[in-house]
Amino acid sequence: MTDRLRADLTALMLIPGLSGHEERVAAHIRAALRETGLAPQTDRMGNVIATIPGDPAAPSVMLFAHMDQLGFFVRRIEADGLIRVERMGGVSERAMAAQAVLLCPPGQDDVPGLILNKAHHATTPDEKYRVLTAPEILIDTGHGSKQAVEAAGIRIGTPVVYLPRVLDLAGGRIAGTSVDDRAGCAVLLAIARALAATDWQGPTVHFVWSVQEEFNLRGAVVAAQVLQPEIALQIDLMLASDTPDMAQRGEMVLGGGPGISLYSFHGRGTLNGVIPHPALVRLFEETAAKAAIPLQRSAQVGVLTDLSYIQMLGAGVASLDIGFPMRHSHSALECCDMADLEALTRLTLAALAAIRPGFSLSREAGP
Ligand SMILES: [Zn+2]
């Protein structure tokens, strides 16, 4: 399973897909699903949906991960061909200067570029430790004039992502562009394949590869409104806190196994987060114990996923964020461990199989 997961993740990380421009990632996922015999649908937002029907007496599940990645949109092209951008999503501006990027004019060839970084020899002492903000940066594609840039198809609004790259590190670790959340997409594919290959007796499972999470966290809401699941499980990163700079943040170890989030909250601008449904926490704890899979725990302020909005739909959707430890979130290269992805796949498969008729989502049961 790990080889297939690694191949899927690698392929997915090499496809650019800024929020709102996920079409190429979606096409790849649809093709993979069709190979498995599934018939994916794509809604008007661009969410890719595949349903594996199950026992109607068990609560239905929406299992989802987002296809989009953060980056930039072209804001202005200077006469000399240098390009100014707006930030799209939570780009780490500290990690931005001198990075390679890829501009993706729709329907035309991708154009590589480089974020300028002032020559170190000419940097003054007060410039040395100042971080440029995204609206200040300039991208050089080498064209040399506005006309030549425009002839390459680049216009105001053209999406820009960090140059898609993958680095296979030692020990089963993998670094790449948009591990967040192509790793989730790859795990979701692995689970869909596994379910499609069996005579599935568990609950109905709606797989959703969602859009625009890094933009406004609400692309998946459109799919959930139509699918009306009783349970929503979202697969995304968990902040690894096993490096010296993150040690105070928690106990999440890269390579230490999959995780569940017991509390997420985003206080900056968006008052939202997820305190998970206790029945789902119990389900994952018991399943992990039975399968002898270590299960890590996360409680973090400053983190938010699209699940926050789905939990409040209809009469309420029982929700849980599940995921994999990841380092350097929202930098040009992010890092995860294949063993965590493999264990997350097995854990989720076992948890889905344990959702049987009578699986109670009642809040009246004792703690
Ligand atoms: Zn994400």
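Key figures for this structure:
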read-out	value
For peptides 326-333, 161-168, 105-112, 230-237, sequence by mean Cβ density within 10 Å, most packed first	230-237, 326-333, 161-168, 105-112
q = 0.09, 0.11, 0.12 Å⁻¹: log10 I(q)/I(0) that the Debye formula gives for the chain, counting C-alpha atoms only	-0.50, -0.74, -0.87
Amide hydrogen neighbours beyond the local backbone of residue 117, cut-off 5 Å, H modeled	98
Footprinting exposure proxy for 12, 217, 349 (fewest neighbouring C-beta atoms within 10 Å first)	349, 217, 12
Computed E for residue 76/residue 170 - FRET, C-beta separation, R0 35 angstrom, nearest 0.05	0.25
Label point distance in nm, residue 136-residue 225, each placed 7 Å from Cα along Cα→Cβ	4.0
Interchain or long-range residues, amide H under 5 Å from residue 17's placed H	69
Projected label distance in nm at residue 11 and residue 119, using a 7 Å step from Cα toward the beta-carbon	4.6
Theoretical gain in end-to-end length, residue 156 to residue 297 [0.36 nm per residue, Cα-Cα removed]	46.5 nm
Residue 108 versus residue 93: modelled label distance in nm, points set 7 Å from Cα along the beta carbon direction	2.9
Antiparallel bridge percentage (DSSP; both residues within the chain; nearest 5)	60
Mean Cβ neighbour count within 10 Å, used as a protection proxy, ranking 86-92, 186-192 highest first	186-192, 86-92
Cα extents of segment 326-367 along the three principal axes, largest first (Å)	45, 21, 14
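Computed from the coordinates by the stated procedures, all read-outs in this text should not be read as laboratory data. Everything numeric here is computed off the predicted structure, so don't read it as measured data. Here Cβ is always computed from backbone atoms with ideal geometry, including for glycine, and neighbour counts include all displayed protein chains.
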